[in-house]
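Reading through the structure tokens given below for one structure.
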Amino acid sequence: QVQLVESGGGLVQPGGSLRLSCVASGSISTIATMGWYRQAPGKQRELVGTITRGGRRNYGDSTKGRFTISRDNALNTVHLQMNNLNFEDTAAYYCYAERAYTTYWGQGTQVTVSS
């Protein structure tokens, strides 16, 4: 099993930046891909970005160019650097990991962009 704990969410002004972190524990040696999804009230969960253990990245269309995913395999951690935030980025952000064809989710961290 894999447990995921997110941190770094909060309130930020438009144009500001936040850095989210997710620490994995448990059966971490077999985790292939980690990443982030987000979900706003009344909307479906959407892809933010993913990163493989080897460092290959994939971003959603709404965040590519503004957000950067990084991964520290030694620390079992994935980060999401979010720049130039706007109102549309307000959502609950969820960390996920894939292991043995099973997806694991964190509890989420709230990001609110407000002027």
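The values are calculated or read from the model by the stated rules, or taken from the named source; none is laboratory data. Quantities reported herein were computed from a predicted structural model and do not represent experimental measurements. In this analysis, Cβ positions are derived from the backbone assuming ideal geometry, glycine residues included, and neighbour counts consider all displayed protein chains. Note: areas computed on protein heavy atoms with side chains; ligands, DNA, RNA excluded. Shrake-Rupley method; radii C 1.70, N 1.55, O 1.52, S 1.80 Å.
Worth a mention:
- Working ranking of peptides 88-94, 11-17 by packing, defined as the average number of other Cβ atoms within 10 Å per residue, highest first, is 88-94, 11-17.
- Backbone phi angles across the range 104-114, fed through the Karplus curve with coefficients 6.51, -1.76 and 1.60 (θ = phi - 60°), yield HN-Hα couplings of 10, 10, x, 7, x, 9, 7, 10, 10, 9, 8 Hz in residue order; Gly and Pro are listed as x.
- For the chain, the solvent-accessible area works out to 54 Å² per residue, with a probe of 1.4 Å and every protein chain left in place.
- Surface share of carbon and sulfur [accessible, 1.4 angstrom probe, percent] for the chain: 47
- Karplus-based coupling profile of the range 22-38, in residue order and whole Hz: 9, 10, 9, 9, x, 7, 7, 5, 9, 5, 8, 10, 10, x, 9, 10, 9, with θ = phi - 60° in 6.51 cos²θ - 1.76 cosθ + 1.60 and x standing for Gly or Pro.
- Taking Lys and Arg as +1 and Asp and Glu as -1, the other residues whose beta-carbon sits under 15 Å from that of PRO41 total 0.
- With θ taken as phi - 60° and the Karplus curve 6.51 cos²θ - 1.76 cosθ + 1.60 applied, the whole-hertz 3J(HN,Hα) list for the range 67-78 is 10, 9, 9, 9, 9, 10, 5, 5, 9, 6, 10, 10 Hz, x standing for glycine and proline.
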